[in-house]
Every structure is written in C-alpha cells, then in structure tokens.
Amino acid sequence: MIPTAETDVILGDLGVLLLECGTSVTDVRGTLEQVSRMAAPGTSVEFAILPEMVMVSRPGAAAATTTVIGKGEALTFRQSARASRLVRDLESGAVALADAPKRMKAIRATPRRMPGMQNVIGCGLLSLSLAVLFRCPWWAVVLALLVGLVVGGLTMVMMRVRAAAAVAPFVSAFVSTILVGVVANALDLGPVPLFAVCAPIAILVPGALITNALLELTSTDIVTGASRLMYGLIMLAFMAAGVYSGAALTGMRIDSASAALVGEALQLTGDGGGWAALPPLWMSWVAVIVLAVGIGLAFGSGFRLTVVCIVVMTGTYAVLALFSPQVGSVVAIGIAAAVLFVAARVLERVTLSIPATVSFQPAFLLLVPGTVGLVALASFDAQALASAPMMFLSLCIGTKVGALLADLARITRSTVFRHWARPARMGEL
C-alpha cells in the first residue's frame, strides 16, 4: 500500500497527462474518480481540474490539497493512445497505481522521428486535401499545397520561441493570405475560393478547442470552459486579423460562391477548363484519405492510428455527404458529430483502447465550424456571422446526444465491459 500523499501525487500527474492529451476536464475528473476507487476502495477523494492543473484533496483529512501543474505541452496522438491504454489498465486493475509513474514517464519520453519534417509535410498534405475536398480549381489546389508547406515551416519555427508562439496564428494567417493574394493578382485569377485562403491555416483554427469549451460549459465546468472559450476566440480573432490584413494589402477578394462546408462542396459545378476546372467529385474520397495521412503526420499518429483516422474520417465524410442534401449542412453537422462521438467511444472503451480525442478531433476539419467563423470575422459577412454560432451549437448538441447514447449503451465507463472486456494488445502504436 503506497502512502496517501504519494497516491495523490500520482493521481494528479495522471490527470495532467490526460489534459496534455487534449481530454476535457469532465472526462479527466471521471477517469480519476474511477482510478481512485479502484486503487483505494472506500476512500473519498475529490478533484478540481483546471486546463493545466489538477488538485487532489480528501474531505476531512488534515493533509493539505495536493496540486500538480503541467507544462502545457501537447502530446502526440501516439502518446495519447498509450496514455489511454494506461488509463484502461488502471481502471480494470490490470496495473497497480504504484506502477503508473514509470509508465507515464515512458509515455512522455516516446520518441518521434523527424518531427519537423513530418509537421511540414503534414501541413502541406492537409492543405492540399482540403482544397480538393472543397472543390477549389486546380490552380488553387497547387497553390494551397505550396502555401501549406510554407505555413507549416513558419509555424514550426515560431512555436519554438514562447514570445513568437503567441502571435503565430496572426503571422501564419497574414503570410498565407499575402502569398495567395500576390499570386492571384499576378496571374489575374479574380476572386479567390474560400479554401485557397483557409486550407493552409486550417490546422491552426481552434474549432475543436472552442467546441470543447462549450461542452465543458454545458457540463458545469464553468472556469475551465470559459477560459478555453476565451483563448479559442482570441486565437480566432488573431487569425481573422491576419486574413483581413493580408487581403487588404493585396486587394484580394474571396469568392462568395465557393464552398464553406462539405454539403456545399458536393453541389458545386464548374464550367471552366484546364487549371480553372474543378476536381471531379470522386476525388473528394481520395482527398479524405490524404487529409487523414496529413493529420497523422502533423500530430504524430504512427501507422496504425493513421489507419484508424482514415476509417473515421471516411465515415464522417460519408455521413455528411448522405445527410447534407436531405436536412441541410447545419443539421448534418450535428448528426455527424453524434455518430462520430459514439464511434469514438466504442474505439476508446471496447476495442483498441484508442482515446476519443485521437479519433474525434481530426473530424473537426471536415465539420469546419471554426473555419466558417474565421472567414465570417475576416470578411465581416453578416450572414456568415449569424450561421457560424448555429454550426457550433449543432456540433455541441450532436456531441451531447452522442455522449448520451454512449452512456445509455453502457459504452462509457461501463461496469459490464470492465468485468469481461480483455485489455487490447495494441503493441507498438
């Protein structure tokens, strides 16, 4: 039996590890409560979770509250998957809490081969695939690839300096818009498609952060939800300022008829030929696969998790393509979010022990409410400004419905699965 003080430190460090994986504070609290019940049955432990801090206290105990502060460094998807495996082993009792520090140290020390090159190539592929997915002309697809590579390298360099990281969203959006605007003016291409501008910086759009903040607010995690929401809105404002400044300097105009959502892209038609032609619709499926590969490189997924990402994103695109013509893009976003959340919980709790953040977060680039909000702010489009909150709300409602369905199906922290489900052997992710 390990001492109480040491137990609290381990629990706090485990919570910080989950926060670094991108897990919501609501899920972190639930996980820590389950692990503490398994490690010390009958003992009451309370947790207070902040974005980078976990506080552990014991009601009625004389000892002071144990506080563990994280470094704020985000983990790769591969590290997140290993953290999820550790949590599952702790919840099932397969691993003792005393052995957790060694596992957590190994998770944080997981090596990543050539992270700089992976980030740059991942950003380029992500930008290329989004331009194809949202039916930009071929000239915009090629331009998005080149600018995406530049933005990936620029962001990587700026993130290494703390002071520069704070303005990286503005600088990246500004440089990206300048490059697109200069090329469009030099070649006299006319109005620029929306995703020729947004695709290179889509990886920086805080759509997932803002949506998670709204979910935390609806779960009564007011402090964390409000702080994350404010941070996400500030990032979004910085990026909007960069786009607006770049467009103003170059005189670039965004094509109002270009697609902002997957449902709109499916309905686009073009009469131009050559470089002005739109990619055929069937190439959108290829673009989804390339998008998943780009995300895998940018976020350090590894081969197996990249395959999972391909499956999840292909399924998300299929749901959006199926329901958007029937019920509209806004409602289709909510339906896709609900279906995806249930699927993410199934992967997390039943089969491969893959964290929901790994399988759910990439789909935000297909749902793209953050990108819509970015363009609405940058262009001061009243209609876009009104529709962006509706898309966020649809996404939040869909996610909440998915969480409810997962709970009713006894997927999330199900006592049934804890008794009979054998821990998956993931091996090296």
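Return yes when A344 is modelled with pLDDT under 80 and either open to solvent by less than 10 Å² (accessible area, probe 1.4 Å) or outside any helix (DSSP H, G or I) (or both) and no when it is not. In short, yes.
In this structure, R85 does not qualify as open to solvent by 30 Å² or more (accessible area, probe 1.4 Å), in a helix (DSSP H, G or I), touching a Phe, Trp or Tyr at 6+ places or on another chain (Cβ under 7 Å) and on the phi < 0 side of the Ramachandran plot. A94: open to solvent by 80 Å² or more (accessible area, probe 1.4 Å) and not in a helix (DSSP H, G or I), yes or no? No, not satisfied. Residues considered: I107, I121. Of these, the only one that is in contact (Cβ under 8 Å) with a residue 40 or more places away in the chain, open to solvent by less than 20 Å² (accessible area, probe 1.4 Å) and closer than 25 Å to V307 by Cβ is I107.
Suppose the filter is of a type in the set (S, T, N, Q) and touching a strand residue (DSSP E or B) at 6+ places or on another chain (Cβ under 7 Å); does T218 pass it? Against the criterion (of a type in the set (S, T, N, Q) and touching a strand residue (DSSP E or B) at 6+ places or on another chain (Cβ under 7 Å)), T218 does not qualify. Across the stretch 25-80, which residue is modelled with the lowest pLDDT among those that are among the β-branched types (V, I, T) and in a loop (DSSP other than H, G, I, E, B)? Result: T43.
Taking A336, is it at pLDDT below 85 and open to solvent by less than 10 Å² (accessible area, probe 1.4 Å)? Criteria met by A336. Apart from one condition, A74 fits all of (1) under 18 Å from the mean Cα position of the chain (by Cα); (2) open to solvent by less than 40 Å² (accessible area, probe 1.4 Å); the exception is (2).
Look at (1) of a type in the set (A, V, I, L, M); (2) touching a helix residue (DSSP H, G or I) at 6+ places or on another chain (Cβ under 6 Å); (3) open to solvent by 50 Å² or more (accessible area, probe 1.4 Å) and you find that V35 fails only one, number (3). Among the residues of the stretch 172-195, is any under 23 Å from L393 (Cα atoms) and surrounded by fewer than 21 Cβ atoms within 10 Å (Cβ to Cβ)? Scanning the stretch 172-195, I find no residue that is under 23 Å from L393 (Cα atoms) and surrounded by fewer than 21 Cβ atoms within 10 Å (Cβ to Cβ), so the answer is no. Taken together, the residues in the stretch 172-191 that are at pLDDT below 85 and within 17 Å of V150 (Cβ to Cβ) amount to 0. Of the set (1) part of a helix (DSSP H, G or I); (2) in contact (Cβ under 8 Å) with a residue 40 or more places away in the chain; (3) open to solvent by 50 Å² or more (accessible area, probe 1.4 Å), all apply to L128 but (3). If you check Y244, Y317, which single one turns out to be part of a helix (DSSP H, G or I), modelled with pLDDT of 80 or more, open to solvent by 20 Å² or more (accessible area, probe 1.4 Å) and among the hydroxyl-bearing types (S, T, Y)? Step by step, each of Y244, Y317 is checked, and only Y244 is part of a helix (DSSP H, G or I), modelled with pLDDT of 80 or more, open to solvent by 20 Å² or more (accessible area, probe 1.4 Å) and among the hydroxyl-bearing types (S, T, Y). Within the stretch 247-277, if we keep just the residues that are in a helix (DSSP H, G or I) and modelled with pLDDT under 75, the residue that is nearest to P169 (Cα to Cα) turns out to be V262. All conditions but one from (1) outside any helix (DSSP H, G or I); (2) surrounded by 16 or more Cβ atoms within 10 Å (Cβ to Cβ); (3) modelled with pLDDT of 85 or more apply to P280; the one that does not is (2).
Considering only residues in the stretch 162-171 that are open to solvent by less than 60 Å² (accessible area, probe 1.4 Å) and modelled with pLDDT of 85 or more, the one that is nearest to G246 (Cα to Cα) turns out to be V171.
The values are calculated or read from the model by the stated rules, or taken from the named source; none is laboratory data. Nothing here was measured: the structure is a model prediction, and the numbers come from that model. Neighbour counts are summed over all protein chains in view; Cβ atoms, including those assigned to glycine, are modelled from backbone coordinates with ideal geometry. Accessible surface areas use protein heavy atoms only, side chains included; no ligands, DNA or RNA. Shrake-Rupley method; radii C 1.70, N 1.55, O 1.52, S 1.80 Å.
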